[in-house]
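I'd like to ask you about the structure that follows.
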Amino acid sequence: MFSHRLRRRDVDEILKALSATNREEMLSKVGEVLRRISALLDVHHKVSDTLSLDVMLARLIEIIADALDAERGTLFLLDPSTKELYSRVAIGDLVREIRIPSDSGIAGAVFSGGQPIIIHDAYSDPRFNPEVDQQTGSRTRSILCAPLIDRFGRRLGVSQVLNKRRGRFVQEDSGLLQAITAQAAGAIEKAQLHERVEKARREEAQMIEVTGAISTELQLDPLLRKIMAVTTEILDADRSTLLLFDEATDELWSRVAEGEGIKEIRFPAWAGIAGSCFKGRKPVNIPDAYADPRFNPEVDRRTGYRTRNILCMPLLNKSGAAIGVTQVLNKRGGPFEDADEARLRAFSSQAVIAIEDARLFEDVLNARNYSESILKSLSNGVVTLSASRGVIKVNPAAQKILRVALPDVVDKPVSMLFADENAWVLASIAKVAETGAVDIAMDTGIRFGREEVAVNLTTVPLIDIRE
């Protein structure tokens with residue numbers, strides 16, 4: 001009978017039977033297997049304990065590069081809203097985002113095809129873009145790129161490693177890369193969801209804050225400046241311009257343009273990208289301004305500014321009429337997305353309310369100034385009373401007739417102004433307050449000690465909008 005257990009002597013005999021070369025090869029393979037197992041364990045320990053996508057990607061790239069003995073690696077994730085692949089690269093204390101079309105280059109080919117690719121000479125492959133090498137000063141020799149797929153078979157992105165230090169990338173490397181990313185896929189999806197939730201929470205809080213800020217401003221010029229500053233901030237753009245519609249001239253105009261440049265811009269309401277947005281009553285999102293025939297580069301030439309991308313949103317009031325356009329320029333990190341349109345639409349609806357309130361306030365101030373001018377120009381004296389019969393206004397003519405100074409009588413009871421021999425004026429006021437009818441007294445007098453001033457008095461009710 002043969003024993004199923006190997007004795008130490010048996011093991012020694014087997015090892016002696018193997019050549020030194022075979023033993024070294026076996027030990028190398030065992031070491032390779034252990035290193036790969038260690039990499040998979042690292043994924044579990046280092047990736048699953050954080051919800052920060054930036055931290056997770058940095059750790060995962062480090063694990064991949066170490067496991068595959070590569071110089072560097074990159075992990076691209078899919079942005080479903082833009083159909084782009086994006087990667088985040090740490091530069092100092094900042095994180096820079098790189099975006100490419102999901103069907104562009106080697107990464108795009110792997111994502112679209114769903115199959116890994118090994119390239120031993122990057123510069124001989126027509127899909128390789130040497131621009132990154134030119135920017136970084138590095139030299140890409142070999143590439144291993146594999147799709148990042150979750151447990152349901154959905155493609156989340158691609159992982160890419162460059163320049164194997166010893167030897168060439170082989171199929172075993174491709175298998176290990178896919179195993180590592182497959183194990184990390186669930187954690188990546190959780191981190192992406194956490195990031196979206198946190199972003200939505202921050203945006204909601206920011207929207208509440210900025211809406212409250214603009215709703216307290218009733219002066220039109222400061223309001224327009226505040227709206228433009230807030231728009232620039234919430235969309236992470238270079239600058240923005242708010243153009244209002246002038247019905248008298250059929251023009252769009254901006255009283256203030258943020259940043260350096262023209263302080264007032266006027267052009268026909270149908271002209272350019274802003275005019276197209278205004279007349280069409282629909283948002284206009286242009287990823288490349290100079291490729292759009294509606295774009296007028298004249299302002300860029302005059303200001304020295306370079307417009308890359310544009311998002312225009314019509315300002316619609318509650319009746320659906322357009323009162324202007326918000327135009328945002330040069331989103332940092334790439335073109336404007338659907339989420340940017342949604343945010344600008346929500347903010348614009350609040351901005352319209354604030355603008356119309358400011359315009360109404362401006363109209364009220366103009367009406368008040370007009371009334372004040374009329375009162376000052378009258379030769380007849382006018383005294384205005386509150387419902388509680390306190391003195392509100394006394395025009396210059398009334399001050400002269402009644403021989404009083406404005407500070408001495410405003411906010412005082414009217415009974416202090418017409419007492420003793422002049423109490424008949426109080427009776428006239430009481431009659432009008434009771435009946436609501438106009439009371440007129442002709443050729444009568446108001447006494448000031450021994451002197452009497454002849455007057456005609458008309459007392460009328462002051463009616464509010466609720467009658």
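Quick check on segment 91-107. Is at least one of its residues among the aliphatic types (A, V, I, L, M), within 18 Å of Ser174 (Cα to Cα) and either out of contact with any Leu (no Cβ under 6 Å at 6 or more places or on another chain) or at pLDDT 85 or above (or both)?
Yes, that holds for at least one residue.
Which residue is farthest from Gln178 (Cα to Cα), if the candidates are limited to segment 115-161 and must be among the small types (Gly, Ala, Ser) and in contact with a strand residue (DSSP E or B) (Cβ under 9 Å, 6 or more places away or on another chain)?
Restricting to residues being among the small types (Gly, Ala, Ser) and in contact with a strand residue (DSSP E or B) (Cβ under 9 Å, 6 or more places away or on another chain), the top hit is Ser138.
Being outside the structural domain of Pro287 (by TED's automatic domain parsing) and within 35 Å of the chain's Cα centre (by Cα) narrows it down to one of Asn129, Asn163, so name that one.
Asn129
Pick out the one residue from Ala213, Ala187, Ala200 that is closer than 27 Å to Ala339 by Cβ, at pLDDT below 85, small (Gly, Ala, Ser) and touching a Ser or Thr at 6+ places or on another chain (Cβ under 6 Å). Before you say what the answer is, go through the steps one by one.
On the way: Ala213 fails: touching a Ser or Thr at 6+ places or on another chain (Cβ under 6 Å); Ala200 fails: touching a Ser or Thr at 6+ places or on another chain (Cβ under 6 Å).
Checking each option against the conditions leaves just Ala187.
Next question. Being touching a Pro at 6+ places or on another chain (Cβ under 6 Å) and part of a loop (DSSP other than H, G, I, E, B) is the filter here; which residues of segment 311-335 pass it?
Matches in segment 311-335: Pro335 only.
If you don't mind, there's one more thing I want to ask. Taking segment 267-295, which residues are more than 16 Å from Ile323 (Cβ to Cβ), over 25 Å from the mean Cα position of the chain (by Cα) and exposed (fewer than 15 other Cβ atoms within 10 Å of the Cβ)?
Across segment 267-295, the qualifying residues are Pro268, Pro293.
Another question, if that's okay. From the list Lys318, Lys331, which one is closer than 18 Å to Val352 by Cβ and basic (Lys, Arg)?
Details: Lys331 fails: closer than 18 Å to Val352 by Cβ.
None of the others qualify; the one that does is Lys318.
Among the residues of segment 96-150, count how many are assigned to a strand (DSSP E or B), β-branched (Val, Ile, Thr), free of Cβ contacts under 8 Å to residues at least 40 places away in the same chain and surrounded by fewer than 19 Cβ atoms within 10 Å (Cβ to Cβ).
3
Looking at (1) closer than 29 Å to Gly445 by Cβ; (2) among the small types (Gly, Ala, Ser); (3) under 43 Å from the mean Cα position of the chain (by Cα), can you tell me which one Ser349 breaks?
With (1) closer than 29 Å to Gly445 by Cβ; (2) among the small types (Gly, Ala, Ser); (3) under 43 Å from the mean Cα position of the chain (by Cα) applied to Ser349, the lone miss is (1).
While we're looking at this one, here's another question. Does Ala367 satisfy being surrounded by 11 or more Cβ atoms within 10 Å (Cβ to Cβ) and either within 59 Å of the chain's Cα centre (by Cα) or modelled with pLDDT of 85 or more (or both)?
It is false that Ala367 is surrounded by 11 or more Cβ atoms within 10 Å (Cβ to Cβ) and either within 59 Å of the chain's Cα centre (by Cα) or modelled with pLDDT of 85 or more (or both).
Could we say that Ser276 is at pLDDT 75 or above and either outside any helix (DSSP H, G or I) or within 28 Å of Leu365 (Cα to Cα) (or both) here?
Spelling it out, it is not the case that Ser276 is at pLDDT 75 or above and either outside any helix (DSSP H, G or I) or within 28 Å of Leu365 (Cα to Cα) (or both).
For segment 354-393, what are the residues that are in a helix (DSSP H, G or I), charged (D, E, K, R) and free of Cβ contacts under 8 Å to residues at least 60 places away in the same chain?
Glu356, Asp363, Arg368, Glu372, Lys376
Yes/no per residue for (1) under 25 Å from Phe245 (Cα atoms); (2) surrounded by 13 or more Cβ atoms within 10 Å (Cβ to Cβ); (3) assigned by TED's automatic domain parsing to the domain that holds Val453; (4) out of contact with any Ser or Thr (no Cβ under 7 Å at 6 or more places or on another chain):
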residue: Asp338; (1), (2), (3), (4): no, no, no, no
residue: Arg359; (1), (2), (3), (4): yes, yes, no, yes
residue: Ser373; (1), (2), (3), (4): no, no, no, yes
residue: Ala387; (1), (2), (3), (4): no, no, yes, yes
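Looking for something of a type in the set (Asp, Glu) and farther than 29 Å from Pro297 by Cα - is there at least one such residue anywhere in segment 329-342?
no
Still on this structure: If you go through segment 440-453 one residue at a time, do you hit one that is surrounded by 13 or more Cβ atoms within 10 Å (Cβ to Cβ) and in contact with a Pro (Cβ under 7 Å, 6 or more places away or on another chain)?
No, every residue in segment 440-453 fails to be surrounded by 13 or more Cβ atoms within 10 Å (Cβ to Cβ) and in contact with a Pro (Cβ under 7 Å, 6 or more places away or on another chain).
Within segment 401-408, is there a residue that is in contact with a helix residue (DSSP H, G or I) (Cβ under 6 Å, 6 or more places away or on another chain), surrounded by fewer than 13 Cβ atoms within 10 Å (Cβ to Cβ) and more than 30 Å from Asp246 (Cα to Cα)?
no
Just to be sure, is Ser124 in the same structural domain as Ala184 (by TED's automatic domain parsing) and modelled with pLDDT under 90? Even if it seems obvious, please write down each step before you answer.
Details: in the same structural domain as Ala184 (by TED's automatic domain parsing): yes; modelled with pLDDT under 90: no.
No, not satisfied.
The values are calculated or read from the model by the stated rules, or taken from the named source; none is laboratory data. Note that the coordinates shown come from a computational prediction; the quantities given were computed from them, not determined experimentally. For neighbour counting, all protein chains shown are included, and Cβ atoms are generated from backbone atoms with ideal geometry for every residue, glycine included.
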